[in-house]
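We did not get these values from a lab; they are worked out from the coordinates using the rules stated. Note that the coordinates shown come from a computational prediction; the quantities given were computed from them, not determined experimentally. Here Cβ is always computed from backbone atoms with ideal geometry, including for glycine, and neighbour counts include all displayed protein chains.
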Amino acid sequence: MAEHILLRHRDIPGLDELDVYLKHGGFEGLRKAVTKMSAQQVIDEVKASGLRGRGGAGFPAGLKWSFLTPGVFPRYVVANADESEPGTFKDREILESNPYQFLEGLAICAYAAQVRTAYVYCRGEFWDLAQALEWRIDQLHQQGLLGEQLFGTKYALEIHVHLGAGAYICGEETALLDSLEGKLGQPRLRPPFPAAAGLYGKPTVINNVETLTNLPPVLTRGAAWYKTIGTEKSPGPKIFCLSGCVVRPGNYELPLGTTFRELVFDRGGGVPSGRRIKAILPAGASSTILAATDAVLDTPMDYESVAAIGSTLGSASVIVLDDSVDMTWAVLKTSRFFKHESCGKCTPCREGTYWMLHIAERLHAGRGSRQDVALLETVARQIQGKCLCALGEFSTMPVVSAVQNFRADFEQHAAGER
Amino acid sequence: MLAETYRSEIEAILAKYPPEHKRSAVMPLLYLAQRVYGHVPPQALDEIAALLDISSTQVGSLVGFYSLYYDRPGGKYRVQICTDLPCALRGAEAFARELCRRLGIELGGTTADGLITVEAVMCLAACDRAPMFQVQDAEGIHYHENQTVDSALALIEMLRQGVRRG
């Protein structure tokens, strides 16, 4: 893609400064929304664009907003800037280098949801970014782009930054809400969904940073233009995070539907040190570990195509494993992460992640047996479908797929052959 | 003590949230307490609880739940290395081991001068620039990316000199 739509700072130096952002059409999307469109028209335009949530679930953004319980106020919008999935570092680049486009997107979403107070839930480790964001929100107030009577209308909006304190689970939207309410970040039982009873029990929209950053161009350039990028069911640009065993790791903004092969080899320069690619995780530590066959590498990275090969696009964080990587080690790493991050609310996740780590450690250390390989899979299967949120489910994805796709790695360890 | 000395800062924090939901301020107030005391001592739990009309236990549970709050003192600077899967693929585990060896400590330990604690932590969203770590002190958190053991040691030396200069 010649032009960056989300990582626009790569084309325009200094875009993190408000005057530069304004010079390049900044806040024209919000101006158009607030002065020329009703909230419903904004929702309709976003629906028509086909924009799907970029946090992982891929749920259509406009549709999500339309579920807000009518007539109940105040409502809230919360931007999810809790980016914590291993392999994911896209929201951070937006917040760092194109922050005003994100803030404008958040304001557009707030207008569409008829919200007067929006929060940015920023992971605690993004301390410097959160400080910078607060300073930028001040700048917007000074320019009359936030606060009372926006663009001479009756619409008013405040944005506050709320800093998390180190908990992956708070990226899950209901855990995020509880955390923002000053409680432990643990997921809620649904229904009710946040659109009916979210923050402080009020109708709430939660969207990912990248999703919101799509909104200004959707409004200024229109849904029809937006749909010319990507595929029919997964329209628009997407930031793909490429990490692991690649020559050029980093963020790549490409149309949805670009193949894994193009990302890993053409953009990322392939695997270094004369090694061969062994496997990929398409969606960070939460995804299945797929053998890097030609069929997998030639799969288009859109929500439907990745689902069709038994995985998920998720947050599109592609981790590459080369042929030196032992899958018992990879599973040990992902299991350690999920065991640490399980919030403890649901027993299958809390206990299951503990035991998966325990067995993976045993196998990796060469102290396991063949029964342990089967036991690992059994424990994973018993977590599936039994937890309030997706974390438990996620923790099993790399485990079950690695055992199925790379059984030899596990059985070699079990037999003490390594 | 917090309530009197930091009144205006506390008011600014509370102003972010609806008055009837001031419990939302517990996380920023815990950061404030940690800045003032270096960690979150029992006394701070009581102070925050009193400010928000919740129990000290409710405040304390958050300290245990969230990884960036500490209920006991550590090194003045916490060097927190991400060793999750993507970083480990770029040598973060070997980096952590070697850094600790050069500092003469175990992972999770603190240097003899009490200034530097080195810990392994979960993903910090900087996978493409590993080895990397964050340095957390009472004032905040800063990232350091594309590191070598030598560059990390040089940074640690700078932190130590800053302390000596006072």
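Miscellaneous remarks
- Sum of -39500 (n - 2.57) over DSSP H runs of 4+, divided by residues of chain B (222 nm, nearest 500): -14000 deg cm²/dmol
- Amide H contacts for A:Asn208 (H built 1.01 Å from N in the peptide plane; partners 5 or more residues away or on another chain; cut-off under 5 Å): A:Arg54, A:Gly55, A:Asn80.
- The loop-placed GluC sites (Glu not before Pro) in region A:325-418, going by DSSP, that have at most 13 neighbouring Cβ atoms within 10 Å of their Cβ come out as A:Glu417.
- Peptides A:272-278, A:121-127, B:140-146 ranked from most to least packed by the mean count of surrounding Cβ atoms within 10 Å: A:121-127, B:140-146, A:272-278.
- With each label modelled as a point 7 angstrom along the Cα→C-beta vector, the A:Tyr354-A:Lys386 pair spans 1.4 nm.
- The protein assembly as shown - convex hull of the alpha-carbon atoms, volume per residue in Å³: 154
- Per-q log10 I(q)/I(0), region B:77-165, q = 0.16, 0.17, 0.19 Å⁻¹ (Debye; single scatterer per alpha-carbon; no solvent): -0.55, -0.63, -0.79
- Kyte-Doolittle at least -0.5, axis length at least 15 Å by Cα - qualifying DSSP helices, chain A: A:39-49, A:99-112, A:327-341, A:370-383, A:390-405
- Antiparallel DSSP beta bridges within region A:237-322, percent to nearest 5: 70
- Theoretical ellipticity at 222 nm over chain A - DSSP helices of four or more residues, -39500 (n - 2.57) apiece, nearest 500: -12000 deg cm²/dmol
- D by Stokes-Einstein for region A:221-278, Kirkwood Rh over Cα pairs, 10 °C, 1.306 mPa s: 127 µm²/s.
- Shielding of peptide A:160-167 by partners, expressed as the average count of other chain Cβ atoms within 10 Å per residue Cβ, is 6.
- Across region B:77-165, C-alpha contacts under 8 Å between residues 6 or more apart give a mean separation that, scaled by the residue count, equals a relative contact order of 34 percent.
- Per-residue Cβ neighbour rank within 10 angstrom, fewest leading, B:Leu107, B:Leu52: B:Leu107, B:Leu52
- Normalised per residue, the volume of the convex hull around the Cα set of region A:8-226 (Å³): 115
- Rounded to 5, the percent of DSSP beta bridges in chain A classed as antiparallel: 40
- Along its first, second and third principal axes, ordered by size, region A:194-333 spans 51, 36, 26 Å in Cα coordinates.
- Shape parameters for region A:327-414, alpha-carbon atoms, Rg then Dmax in Å: 11.7, 36
- For region A:219-225, Karplus couplings with θ = phi - 60° (6.51, -1.76, 1.60), whole Hz, Gly/Pro x: 6, 6, 9, x, 4, 5, 4
- When Rg and the Kirkwood radius Rh are both evaluated on Cα atoms of region B:2-65, their ratio Rg/Rh stands at 0.92.
- Pair B:Glu106, B:Arg7: separation of 7 Å Cα→Cβ label points (nm): 4.8
- Shape of region B:93-145, Cα gyration tensor, a/c cut at 1.5: oblate
- Here's how it looks for A:Cys343: its modeled amide H is under 5 Å from none belonging to a residue 5 or more places away or on a different chain.
- Counts of other chain beta carbons within 10 angstrom of each beta carbon in peptide A:278-286 average 1.
- Neighbour counting of Cβ atoms within 10 Å sorts the residues A:Lys386, B:Lys22, fewest neighbours leading, into A:Lys386, B:Lys22.
- Counting neighbouring Cβ atoms within 10 Å and putting the fewest first, the residues B:Tyr70, A:Tyr168 line up as B:Tyr70, A:Tyr168.
- Between A:Ala279 and A:Ala292, A:Leu321, the built amide H atoms are under 5 Å apart, and every one of these is 5 or more places off in sequence or on another chain.
- Within region A:139-234, GluC sites (Glu not before Pro) in DSSP loop having at most 10 other beta-carbon neighbours inside 10 Å: A:Glu232
- Remark: mean inter-chain Cβ contacts per residue of A:119-127 equal 5, using a 10 Å Cβ-Cβ cutoff to other protein chain atoms.
- Kirkwood radius, chain B, all distinct C-alpha pairs, inverse of mean reciprocal distance: 17.3 Å.
- For region A:57-63, putting each phi into the Karplus relation 6.51 cos²θ - 1.76 cosθ + 1.60 with θ = phi - 60° gives couplings of 7, x, 7, x, 5, x, 5 Hz, in residue order, rounded to whole numbers and with x for Gly and Pro.
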